[in-house]
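> Before we start, here is the structure in question, set down as structure tokens.
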Amino acid sequence: MRANDVNVNPEPVGPRAASRTRSCFNSIKFFVFCHSMLQLAQLLVSGYMKSSISTIERRYGLSSQKSGFLAAFNEVGNTILIVFVSFFGSRVHRPRFIGGGALLSCLASLLMAMPHFLSGPYEYTDFRTSSGGRNSSLCESLSTVVTPSSNQTCQEQESPAQQVVYPMLLLSQLLLGIGAVPIQPFGISYIDDYASKKNSPLYLGILLALTSIGPAFGFVTGALMLRFYVDFDKVPKGQIKLGPKDLRWVGAWWLGFLVAACLLFLAALPYLFFPREMPKEDGADDVESDKKHQEADQLQEVSVLQFLKSFPRIVLRTLRSPVFLLVVLAQVNLAALLSGLATFMAKFIERQFNQTVSFSTMMIGGVGIPLAVLGIVLGGAMMRRFNLSVRGASKLCAVAILLCMFSALPLLFIGCPTQKVDGVFPPSADATSCGVDCHCSQEAFNPVCGADGMEFRSPCHAGCVSVSFSTDRKVKNYTECRCVSGPGGFALPGTCGSGCSHLLKPFMVLLGLTSFIAAFSQTPSYMMILRTVPTEDKSFAVGVQYMLFRVLAFMPGPVLYGSVIDTTCILWGKKCGKQTSCLYYNLDHFRKRFLGLQVVFVCASLLCFLLTAIVLRRIGRRQEPQPETKGGYELVGEQRALEGVSSTQNKTNGIKT
């Protein structure tokens, strides 16, 4: 009888029963957790790429132009596909598309590390000895060994293995950008569709916070991996002569990409089990959400040809909303600022405060980004706590960016003067006359610090004729340096530095505070976008947003920052007769132009948020009197009013344009 009861009275098949029987894979909370972990792994790759780009440049002899192009190349595939993929977001199985993108990113990460296994061991120059046993970087009457070794190095760079490295890295970056296309738009729209109105800002804040940790983990991972020698798997430990502080050191840049590939593969698996649709988190919203999704499905059931015909109209319809356009432009300015911080701030700290590459990378990943994540979380929590409307969110963003500008301005005045370098800075006509008889190679770069505090590009430029070694066969100092004044006439290996590393602490405090305050605007600005477009255009609007990010910020941003930094270079390196990366910068110009450009972006973002608040205030004045409501995000109806769908809905939604 009981068995029959089981057969006769099966479990209910309603949405609430499905949420009980399907366990965690029918829970929006578990989806938020999985999506956070996926973006954590996916952005780890991009963060790690930025932390190791200078190492890749040194390892394979890439120019600064090529390395900058490589860093931004993953945005190409992303920009081309993101709008089209986002438009079909309501028609496809979003979780499966997200999982497929994660697997493609996994493949791209593996390809990124492949050049290491195709190339031979790393060979550095400027430390080879001549047939007489003397060091070729020292001052000699005749330069008999530099040219052959230089020619040999140039021939090695023209080998087929070296020629295939750059195209493979470009292909990896392209696939990485394509794989990231469905992850962010589909994930955000999926969460916003099935989360309750009350919890949606909190979920989005958590998602964006954990998403921001991804680059932080990338920088921290880069700081750890770059401490290992690049060929530790090919060269015995006893044969590794360089140390992490040596300017010729190349770290194990490829190791982090293998770690990221494993994490991406594991994070992609749960998406194979999430349903295409799940019950609304708040049961009271089920009726309203069902009507909206039915309407969205009817509008989304179009063919590819119909989509291509309607594409310009939908773009104009999305961009016609002044609130949407102003908020996106404000985010574009902040994204451009972020691209400069992520790509060059570690280099700025390294040069400005005389720190190692790994330590500078750790400062960005361990201090700056975590404070920004905390600001994102608090911004989302503040919206949930005070149930802010769209107007309230615009005011919060404007105040946050205003405070950010005040905290960013003092950074312009915290820095170090340019160190004195013989023949480079300060410029002098007879600065190189001392070592002119040493026949030093113009391509030599092995800085030494003289006993008088003057820095030289190499022991040869310092006029050093002998070298002393320690017990472990490492260079202890260079002696008999005729260009070094003062007692002893010796020079120590390494740069003299700018001598103001103590200013790093106050600089990092202000930088972290600026990141923390600016991050408050992240979640409110996203919610403003999601609540100012119709449901059927939500995925498409997010796609337009990220397309503008890439076209106006992430693609030109690193190039713009790199161009500004290049204008401060006072000595360019040369290899095989070609210009490579910059060896010395004017630190005063570097600081003012690099940080000044960020202040410009902050001011532009502040202007956009202020204009948004003004537009919303004018819209509010046109409203008819209605009951006091702080939340609810009533601006969802604004887009419909703009389209002229129903003139009677303007009074209900309170939006007129």
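The values are calculated or read from the model by the stated rules, or taken from the named source; none is laboratory data. Here the structure is a predicted model, which means the values were calculated and not measured. These area figures cover heavy atoms from the full protein model, side chains too; ligands, DNA and RNA do not enter into them. Shrake-Rupley method; radii C 1.70, N 1.55, O 1.52, S 1.80 Å.
> With every protein chain in place, what's the accessible area of GLU443 (1.4 Å probe, Å², nearest 10)?
Rounded to the nearest 10, that gives 70 Å².
> Checking the table LYS245/LYS592; LYS50/LYS241; LYS476/LYS574; LYS395/LYS592; LYS234/LYS578; LYS50/LYS592 against a 24 Å threshold on Cα-Cα, which pairs fail?
Working: LYS245/LYS592 27 Å; LYS50/LYS241 27 Å; LYS476/LYS574 27 Å; LYS395/LYS592 30 Å; LYS234/LYS578 29 Å; LYS50/LYS592 22 Å.
From the list (LYS245/LYS592; LYS50/LYS241; LYS476/LYS574; LYS395/LYS592; LYS234/LYS578; LYS50/LYS592), the Cα-Cα distance tops 24 Å for LYS245/LYS592; LYS50/LYS241; LYS476/LYS574; LYS395/LYS592; LYS234/LYS578.
> Once phi is turned into θ = phi - 60°, what whole-Hz ³J(HN,Hα) does the Karplus curve with 6.51, -1.76 and 1.60 give for every residue of the stretch 442-458, x standing for Gly and Pro?
6, 8, 5, 8, 8, x, 10, 10, x, 5, 8, x, 8, 9, 10, 5, 7
> Same structure again: Please compute the contact order of the stretch 565-622 in relative form: average sequence separation of alpha-carbon pairs under 8 Å and at least six residues apart, divided by the residue count, as a percent. Before the final figure, lay out the partial values.
On the way: 36 pairs, mean separation 13.9, N = 58.
Computed value for the stretch 565-622: 24 percent relative contact order.
> Now, a different point. In whole Hz and in residue order, list the ³J(HN,Hα) couplings for the stretch 107-122 that follow from phi through the Karplus curve 6.51 cos²θ - 1.76 cosθ + 1.60, θ = phi - 60°; x for Gly and Pro.
4, 5, 5, 5, 5, 5, 7, 4, x, 4, 7, 8, 9, x, x, 6
> Under the rule of at least 5 residues apart or a separate chain, name every residue whose amide H is placed under 5 Å from the amide H of TRP572.
LEU583
> A further question on this structure: For the stretch 313-431, what does the relative contact order come out to in percent, with C-alpha contacts under 8 Å and a separation of six or more?
On the way: 28 pairs, mean separation 17.9, N = 119.
Computed over the stretch 313-431, the figure is 15 percent.
> A follow-up question, please. Could you give each residue of the stretch 25-39 its phi-based ³J(HN,Hα) in whole Hz, using Karplus coefficients 6.51, -1.76, 1.60 with θ = phi - 60°, and x for Gly or Pro?
6, 10, 10, 5, 5, 5, 5, 4, 5, 5, 5, 5, 5, 5, 5
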